[in-house]
Structures are given as C-alpha cells and as structure tokens.
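A.B. asks: Mind looking over this structure? Questions follow.
The values are calculated or read from the model by the stated rules, or taken from the named source; none is laboratory data. Keep in mind that what you see is a predicted model, and the values were worked out from it rather than measured. When we count neighbours, we look across all protein chains shown, and the Cβ atoms used for this are built from the backbone with ideal geometry, even at glycine.
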Amino acid sequence: MPNSTEPQKTVKPSADGIAAAAQKAAKKGPPPVHLWNPPFCGDLDMRIARDGTWFYLGTPIGRKPLVKLFSSIIRRDGDDYFLVTPVEKVGITVDDAPFVAVDFDAQGSGRDQVLTFTTNVEDTAIAGPDHPIRVVQNPETGEPSPYILIRANLEALIDRKSFYRLVEKGAHHVVDGENWFGVWSDGEFFPMIRSEELD
C-alpha cells in the first residue's frame with residue numbers, strides 16, 4: 001500500500017492525451033466546449049501562428065486531421081486560449097486569431113449580398129449579425145487586419161487575397177451620420193474604412 005505522505009505525481013498534459021480525449025468527445029457531435037469546466041492542467045507547448053500554422057514543441061503539425069481535431073476544442077476565456085476536453089484544460093499560444101479565413105463565396109449583390117467564408121480548418125460562417133466582420137489597423141504596419149467571428153468568441157483572420165476580393169465587393173454607406181466604405185452580407189453592413197480616408 002503506498003505511503004499517503006508521498007507527494008502525488010503530476011501528469012504533464014500531452015498533445016496525444018488531448019487528441020485522444022477530443023476524438024472521443026467528437027464522436028458524439030461537435031464538442032460542447034462551452035459546457036465543460038475541467039481543471040486547468042498547465043500550458044502545452046503548442047502555438048498557432050498568424051498564418052494559421054499549428055506548432056507543437058516548435059515543429060509544425062503536418063497532419064491536417066489532427067489540426068482539425070485540435071481546432072474543434074479551442075476555447076477563449078478572456079484573452080487566453082485553451083484546448084478543452086471533458087477532463088482537462090490546457091493553455092496554448094495564439095499569435096493573432098485561432099483561424100484564418102482562406103476563401104469566401106459571394107451570392108447576390110448590394111444589400112442582398114451574402115458572403116460565406118471558409119477557414120483553414122474547413123469551418124464555414126456566413127457573415128452577418130451572428131458572424132460579424134471587423135477591421136482594425138495593425139499597430140505595427142498600419143495596414144488593416146480584417147476578422148470574421150467563426151464561433152463563440154473565436155475569430156478568423158481574413159487572409160490578404162480574400163480581403164482584396166472583399167474590397168472589390170465593397171460599397172459606401174452612411175453609419176451613424178458618417179460615410180463608410182465596407183461590405184454588405186446577410187442584410188448587415190460592415191464598415192471597413194471611412195470613405196474620406198480612401199485614396
């Protein structure tokens with residue numbers, strides 16, 4: 001019988017353990033990570049780069065199914081990102097946004113336009129009231145950084161080629177008494193830049 005005074009061994013979280021738990025949970029449908037409240041088990045040496053590449057122990061994760069699996073159990077609490085399973089919660093590093101919107105499909109035009117975005121992990125979202133687009137100025141480069149909300153409070157950075165295409169779909173519209181250039185989707189107008197600031 002083990003001595004009760006011996007210190008308990010702490011098991012460090014591993015990518016394999018998280019993946020196995022995520023796979024088990026995924027068999028029952030989309031993981032309800034917002035409902036899970038497991039104990040925090042420490043940080044995992046996992047990072048999502050700005051271009052959407054996932055790294056584990058400094059090495060890119062080359063297996064797309066594994067990346068998709070991990071991406072299904074991301075949760076954002078405040079400014080921090082975690083991988084969450086029913087039994088553990090581990091911290092990961094996200095350089096910018098956890099997803100990248102790599103393409104979009106446009107149906108209709110003007111106010112009737114509907115934009116459906118696809119991410120690097122094959123999630124889709126129709127830009128609209130439930131999936132707003134926002135554009136912020138990158139403080140380092142001064143260039144616009146556009147995002148779309150994918151699920152819960154998780155966003156995708158809209159990649160450069162998609163953003164250029166988005167600008168081609170843009171229009172001017174008055175918002176709160178000011179003229180803005182932006183895009184319509186699903187009945188909603190998303191301002192990107194003040195009209196007067198356009199060259």
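A.B. asks: Could you please let me know if residue 65 is within 30 Å of residue 128 (Cα to Cα) and either of a type in the set (Val, Ile, Thr) or touching a helix residue (DSSP H, G or I) at 6+ places or on another chain (Cβ under 6 Å) (or both)?
C.D. replies: No, not satisfied.
A.B. asks: Please go through (1) under 30 Å from residue 159 (Cβ atoms); (2) basic (Lys, Arg); (3) at pLDDT below 95; (4) not in a helix (DSSP H, G or I) for residue 9 and return the number of the only condition it doesn't satisfy.
C.D. replies: (1)
A.B. asks: Return the pair list, or none, for Cβ contacts closer than 7 Å from residues in segment 157-178 that are under 14 Å from residue 118 (Cα atoms) to residues that are of a type outside the set (Gly, Ala, Ser) and part of a helix (DSSP H, G or I), at least 6 apart or on different chains.
C.D. replies: 158/166
A.B. asks: So which residues in segment 28-52 are in a strand (DSSP E or B) and at negative phi?
C.D. replies: Result: 40, 41, 43, 44, 45, 46, 47, 48.
A.B. asks: Give just the number: which of (1) farther than 20 Å from residue 110 by Cβ; (2) in contact with an Asp or Glu (Cβ under 8 Å, 6 or more places away or on another chain) does residue 197 not satisfy?
C.D. replies: (2)
A.B. asks: Turning to a different aspect of this structure: Which members of segment 118-148 meet the condition of being among the hydrophobic types (A, V, I, L, M, F, W, C) and under 15 Å from residue 100 (Cα atoms)?
C.D. replies: 121, 125, 126, 127, 133, 135, 148
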